[in-house]
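Student: Input: one structure, supplied below.
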Amino acid sequence: MTRVIAVTGAKGGTGKTTTAVNLAAALAERGYRVELRDLDPQASATRALGQRPVEDPAAAPSVPLRHARLPDGLLLLRPSGHALIGVEQHESDGGRPDAGAAALLAPHPRWRADVLVVDCPPALGNLTTTALRAAELALVPLEPTPLAFTALEDLADALTTLRPRRPRLRAVVTRFQQRRLLSAEMLAHIDGFFPTLLFDTRIPEDVHAAEAPGAALPVTLFAPSAPSSAAYRALAGEVVEDMDLGRPSGSLYAERS
């Protein structure tokens with residue numbers, strides 16, 4: 001069974017796409033078959049992995065990411081495009097899952113993923129809501145600032161309205177600077193309101209993570225020894241334990257033709 005992680009947040013600029021791309025890559029490095037689904041009409045994850053936005057994301061084939069450090073067939077990307085704006089703006093009837101958005105999360109026809117990582121738009125619209133309904137884990141990249149905390153509260157409230165199911169909510173601190181007093185204060189504030197929310201991993205500010213999309217790679221492959229690479233691998237380890245993912249399937253690339 002494919003396990004679904006929705007990387008989401010009601011506020012942009014928190015490292016959402018960077019987290020989705022690098023968590024997917026770090027899980028693949030562990031031997032899990034991972035598919036990264038880009039549901040953001042801005043197609044940031046698509047561009048970060050060197051692909052162009054597509055005209056019809058629902059019909060677009062998934063693209064394998066190949067790299068010498070990553071076993072073949074462990075990481076695929078389903079690209080996005082501006083056509084998703086229409087899906088995002090569509091209002092589903094009676095709050096039920098929208099069929100157009102749900103089709104974007106349909107299983108790959110010839111390649112079963114262990115984990116589906118969904119990069120959601122930075123808003124609680126139709127696409128994000130549909131992804132959250134399908135997800136087991138809602139992962140929020142959280143910059144330690146007051147505005148980010150407010151957006152987290154809004155998301156937590158929104159999750160309570162989801163039917164028929166809602167995911168567990170967890171967060172990872174991004175753009176962390178150990179010496180910033182505000183970072184420490186905000187972490188204490190978050191722990192006070194959401195004592196089981198935060199993963200232990202802190203994703204540090206790191207120029208390598210900003211440079212990696214220019215090479216069309218996750219930072220874990222672009223700069224394997226970078227601080228952010230180590231952090232994303234640590235996050236992947238926590239996610240494996242938190243979701244009890246079990247033994248990875250390993251490479252099984254059935255699309256080769």
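The values are calculated or read from the model by the stated rules, or taken from the named source; none is laboratory data. Not measured: the values here are computed from a predicted model. Here Cβ is always computed from backbone atoms with ideal geometry, including for glycine, and neighbour counts include all displayed protein chains.
Student: Starting from residues that are of a type in the set (A, V, I, L, M) and assigned to a strand (DSSP E or B), keep the ones in the stretch 62-77 and report whichever is surrounded by the fewest Cβ atoms within 10 Å (Cβ to Cβ). Before the answer, list the steps.
Tutor: Filtering the stretch 62-77 for residues of a type in the set (A, V, I, L, M) gives 63, 65, 68, 70, 74-77.
Right, trim to assigned to a strand (DSSP E or B) and you get 63, 70, 75-77.
On the way: VAL63: 17, LEU70: 19, LEU75: 29, LEU76: 23, LEU77: 25.
Ranking the candidates gives VAL63 first.
Student: Now for a different question. May I ask you to verify whether PRO195 is without any contact (Cβ under 8 Å) to a residue 12 or more places away in the chain and of a type outside the set (Val, Ile, Thr)? I'd like the intermediate steps shown before the answer.
Tutor: On the way: without any contact (Cβ under 8 Å) to a residue 12 or more places away in the chain: yes; of a type outside the set (Val, Ile, Thr): yes.
Yes.
Student: Given (1) surrounded by fewer than 20 Cβ atoms within 10 Å (Cβ to Cβ); (2) closer than 20 Å to ALA215 by Cα; (3) at pLDDT below 95, identify the lone condition not met by ARG52.
Tutor: Tallying (1) surrounded by fewer than 20 Cβ atoms within 10 Å (Cβ to Cβ); (2) closer than 20 Å to ALA215 by Cα; (3) at pLDDT below 95, ARG52 fails exactly one: (3).
Student: With the requirement that a residue be part of a helix (DSSP H, G or I) and either surrounded by 22 or more Cβ atoms within 10 Å (Cβ to Cβ) or in contact with an Asp or Glu (Cβ under 7 Å, 6 or more places away or on another chain) (or both), what does the stretch 134-148 give you?
Tutor: Step one: list which residues in the stretch 134-148 are part of a helix (DSSP H, G or I), which gives 134, 146-148.
ALA148 - this is the single residue of the stretch 134-148 that is part of a helix (DSSP H, G or I) and either surrounded by 22 or more Cβ atoms within 10 Å (Cβ to Cβ) or in contact with an Asp or Glu (Cβ under 7 Å, 6 or more places away or on another chain) (or both).
Student: Can you tell me which residues in the stretch 18-50 are touching a residue at least 40 places away in the same chain (Cβ under 8 Å) and among the polar types (S, T, N, Q)?
Tutor: In the first step, residues of the stretch 18-50 are kept if they are touching a residue at least 40 places away in the same chain (Cβ under 8 Å); the result is 18-42, 44-45, 47-50.
Those that are touching a residue at least 40 places away in the same chain (Cβ under 8 Å) and among the polar types (S, T, N, Q): THR18, THR19, ASN22, GLN42, SER44.
Student: Check ALA123, ALA151 and return the single one that is under 18 Å from the mean Cα position of the chain (by Cα) and not in a helix (DSSP H, G or I).
Tutor: Details: ALA151 fails: not in a helix (DSSP H, G or I).
Step by step, each of ALA123, ALA151 is checked, and only ALA123 is under 18 Å from the mean Cα position of the chain (by Cα) and not in a helix (DSSP H, G or I).
Student: Here is a list: ALA45, ALA6, ALA26, ALA59. Which entry is touching a Phe, Trp or Tyr at 6+ places or on another chain (Cβ under 7 Å) and either not β-branched (Val, Ile, Thr) or not in a strand (DSSP E or B) (or both)?
Tutor: On the way: ALA45 fails: touching a Phe, Trp or Tyr at 6+ places or on another chain (Cβ under 7 Å); ALA6 fails: touching a Phe, Trp or Tyr at 6+ places or on another chain (Cβ under 7 Å); ALA59 fails: touching a Phe, Trp or Tyr at 6+ places or on another chain (Cβ under 7 Å).
Only one candidate passes the filter, namely ALA26.
Student: I've got another one for you. Return yes when GLY192 is modelled with pLDDT of 80 or more, part of a helix (DSSP H, G or I) and loosely packed, with under 13 Cβ neighbours inside 10 Å and no when it is not. I'd like the intermediate steps shown before the answer.
Tutor: On the way: modelled with pLDDT of 80 or more: no; part of a helix (DSSP H, G or I): yes; loosely packed, with under 13 Cβ neighbours inside 10 Å: yes.
Spelling it out, it is not the case that GLY192 is modelled with pLDDT of 80 or more, part of a helix (DSSP H, G or I) and loosely packed, with under 13 Cβ neighbours inside 10 Å.
Student: One residue is enough: does the stretch 228-242 have a residue meeting the conditions modelled with pLDDT of 95 or more and not in a helix (DSSP H, G or I)? Before the answer, list the steps.
Tutor: First pass over the stretch 228-242, keeping only residues modelled with pLDDT of 95 or more: 228-242.
If we keep only those that are not in a helix (DSSP H, G or I) too, we end up with none.
The answer is no; no qualifying residue exists.
Student: Using the structure shown, decide if LEU217 is in a helix (DSSP H, G or I), at pLDDT 95 or above and crowded, with 17+ Cβ neighbours inside 10 Å. Spell out how you get there, then give the answer.
Tutor: Values: in a helix (DSSP H, G or I): no; at pLDDT 95 or above: yes; crowded, with 17+ Cβ neighbours inside 10 Å: yes.
So LEU217 fails the test.
Student: Here is a follow-up. So, in the stretch 86-120, of the ones that are charged (D, E, K, R) and under 20 Å from the mean Cα position of the chain (by Cα), which residue ends up modelled with the highest pLDDT? If you could, list the steps in order and put the result at the bottom.
Tutor: Taking the stretch 86-120 as the starting set, the residues that turn out to be charged (D, E, K, R) are 88, 91, 93, 96, 98, 110, 112, 114, 119.
Those still in the list that are under 20 Å from the mean Cα position of the chain (by Cα) too: 88, 112, 114, 119.
Details: GLU88: 76, ARG112: 86, ASP114: 94, ASP119: 97.
Of everything passing the filter in the stretch 86-120, ASP119 is modelled with the highest pLDDT.
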